[in-house]
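Single-structure report; data block below.
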Amino acid sequence: MGNLYTSTTFMEHNSHPDYKYEMDAPTHEHDGINPSCGDELTLQLRVENNVIEEASFTGHGCAISQASADIMADLITGETVEEARRLAELFLAMIRGEQLSEEDLEDLDEAAQLQDISHMPARVKCAELAWRTLDGMLTGQNNQ
Amino acid sequence: MIDTEHVKCDTCTAPEPMELDASDEASRGWPTVDIETNPYKGQFPLFQQHPEIAFLDSAATAQRPACVLDAERDFYQCMNANPLRGLYSLSVEATDAIAKVRQQIADLIGASQANEVVFTRNTSESLNLVAKSFAPTVLEPGDEVVITIMEHHSNLIPWQQVCRETGAKLVYLYPTKTGQLTTEEVLAKVGPKTKILAVGQVSNVLGVENPVKNLGKLVHKYGGYLVVDGAQSLPHMPVDVADLGADFFAFSAHKAMGPMGIGVLWGKMDLLNAMPPMLTGGEMIDSVTEQDAVWAPVPEKFEAGTQDAAGIFATGAALDYLVNTVGYENIQAREQALVHYLMGELMQLDFVQIIGSIYWDNHHGVVSFNVKGIHPHDVASIMDMDGVCIRAGHHCAQPLLTWLGVENLACCRASVAFYNDKADIDKFIAGLHHVWSTFNG
């Protein structure tokens, strides 16, 4: 995972996140925490006609959790709810060490560079915080 | 000084200085040990396997010298049999081996008899045994158990549990923000209601040594008992339970160069005798009938099931190495020199915030810190890329980090042992520069 810290683009997501702000009129909001790390995150979505028009997050945590959240918000903006769920499931599978197809990795785009985290059990929770929060939010929505 | 108005005791005629808050005063001798040369590292196979690493996490678990690994193997190779029960010579040999280590530990910590030494799996289990078996025999509703806010969860959660069960109250001693317990605080909290005072001799986060001896004197005046968590002290300083005035003393072998999975609880024989066993079953009885059982005497009463005999045997080798091969005098001199150098270097980094005292000699092998604006987990991960092993997280002391107001409830910790050297510290400091430049160009 060392290359994450040396990746300028990855570190930019931590130091200058584009999607870290409080949204005006979210249609969805969900909190995620990592009690063992003290990471806290609130994910907000504005969904119109089943499309995620806007995604943002607030909170604090390590660089891995923050950059991962920013990358995710970027990736799911403009996607349908179903596609966002699929991407979240792909990401969570990848981070838990499952081998993804080339195609799936391409779909994850920048998020695919977090693949190496699966070798660092202590950091898996950091990487997946935003995605777990998204998954929980969208799964909860479907159950309603 | 002990306030004699408040504490009536037979030794009050000549009270010893309590030295609760005097340790921030100057008058420090500077260590002169040569930490550039390292006569010890070669004795540790792990360092031969990983010559590139700077291992600064000995407070979590120490590395083991070859003689300890050999001992573990020797047990299985030369004397393996189930101790206690066998009537053949191999089993007798295994039984003798354990008895010898029991005596060795008793001698090491100043216990009056070997049978006061109970083998457990670790410090947590030792402290659980006191909280679950001893505490209910003395606690009544309204009584108080006093601990410090800097306790490791091992010396905190068992007391939470027993207080809940007995209706006793858990009372915290709060030190100064740099970790010193003040006389005022102690006298305000320890009193006639105090039945148990449980304290870590050395904090695993702040590295500070608590005035255990004086706390013991105080709690004994009120008829209470002193429980000492020695997990972070015994590997680094000589311990004499009689001198400390402890009623119970717990430690783990694995922080003292021994194997994982071996813990020790020492207790006064009359207290151990009065305690019921926590676990029951094999090897802890004298006789069993359909409806009843008679416990074996202490310590077997508390050692249900087959013990990790090889681990106990290797613990003997570890303590022998620690005390006789290296020696506490060398350990202390070297570790002080290492901490002195480490603190001196750390203090020069304006992006590092030390947690606890800024005085090097208040840190017994342990220095916790944070790097400004960078999450401790990121610090540890980047340091790992440079082969530097440090701990990051809440260090099993969440109430302490909450009370200190540490951001993210997490911090970094570097801890040294005598087998570290100047090169390890230099690597660590270089690693911190790397962390800082990674985030700040």
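Does segment B:99-133 hold any residues that are open to solvent by less than 40 Å² (accessible area, probe 1.4 Å), over 21 Å from B:L322 (Cβ atoms) and over 20 Å from the mean Cα position of the chain (by Cα), and which are they? Correct list: B:S133 only. Scanning segment A:23-49 for residues that are away from chain B (no Cβ under 14 Å), more than 16 Å from the chain's Cα centre (by Cα) and open to solvent by 70 Å² or more (accessible area, probe 1.4 Å) yields a count of 4.
Contact annotation: no residue pair with Cβ atoms under 9 Å, 6 or more positions apart or on different chains, pairs a residue in segment B:171-184 that is assigned by TED's automatic domain parsing to the domain that holds B:L404 and at negative phi with a partner that is loosely packed, with under 15 Cβ neighbours inside 10 Å and charged (D, E, K, R). Within segment B:89-134, the set of residues being of a type in the set (D, E) and more than 19 Å from B:M275 (Cα to Cα) comprises B:E93, B:D96, B:D107.
With the requirement that a residue be of a type in the set (D, E, K, R), in a loop (DSSP other than H, G, I, E, B) and touching a Leu at 6+ places or on another chain (Cβ under 9 Å), what does segment B:174-223 give you?
So in segment B:174-223, the residues of a type in the set (D, E, K, R) come out as B:177, B:184-185, B:189, B:193, B:195, B:209, B:213, B:217, B:221.
From what is left, the residues that are in a loop (DSSP other than H, G, I, E, B) are B:177, B:193.
Within segment B:174-223, B:K177 is the sole residue that qualifies.
Against the condition of a type outside the set (G, A, S) and either surrounded by 15 or more Cβ atoms within 10 Å (Cβ to Cβ) or under 26 Å from B:V101 (Cβ atoms) (or both), how does B:P65 come out, does it pass? I'd like the intermediate steps shown before the answer.
On the way: of a type outside the set (G, A, S): yes; either surrounded by 15 or more Cβ atoms within 10 Å (Cβ to Cβ) or under 26 Å from B:V101 (Cβ atoms) (or both): yes.
Yes, satisfied.
Across segment B:395-409, the number of residues qualifying as within 12 Å of chain A (Cβ to nearest Cβ), out of contact with any strand residue (DSSP E or B) (no Cβ under 8 Å at 6 or more places or on another chain) and not hydroxyl-bearing (S, T, Y) comes to 3. Take the conditions at pLDDT below 95 and either out of contact with any His (no Cβ under 6 Å at 6 or more places or on another chain) or surrounded by fewer than 18 Cβ atoms within 10 Å (Cβ to Cβ) (or both) and apply them to B:R28. Does it pass? Yes: the conditions hold for B:R28. Residues that are in contact with a strand residue (DSSP E or B) (Cβ under 6 Å, 6 or more places away or on another chain) number at least 3 in the following helices (runs of 4 or more DSSP H) confined to segment B:57-156: B:89-109, B:123-129.
Can you pull out the residues in segment A:52-92 that are within 25 Å of B:P376 (Cβ to Cβ) and without any contact (Cβ under 8 Å) to a residue 40 or more places away in the chain? If you could, list the steps in order and put the result at the bottom.
Within segment A:52-92, the subset within 25 Å of B:P376 (Cβ to Cβ) is A:57-73, A:91-92.
Across segment A:52-92, the qualifying residues are A:T58, A:G59, A:H60.
Residues of segment A:50-76 that are among the small types (G, A, S) and within 12 Å of chain B (Cβ to nearest Cβ): A:G59, A:G61, A:A63, A:S65, A:A67. Condition check for B:T148 on (1) open to solvent by less than 10 Å² (accessible area, probe 1.4 Å); (2) closer than 19 Å to B:G267 by Cα: one failure, at (2).
Look at (1) within 14 Å of another protein chain (Cβ to nearest Cβ); (2) within 24 Å of B:C389 (Cα to Cα) and you find that A:L129 fails only one, number (2).
The values are calculated or read from the model by the stated rules, or taken from the named source; none is laboratory data. Computed from a predicted model, the values in this text were never measured in an experiment. We place every Cβ from the backbone using ideal geometry, glycine too, and count neighbours over all the protein chains shown. Heavy atoms of the whole protein, side chains included, go into the accessibility calculation; ligands, DNA and RNA do not. Shrake-Rupley method; radii C 1.70, N 1.55, O 1.52, S 1.80 Å.
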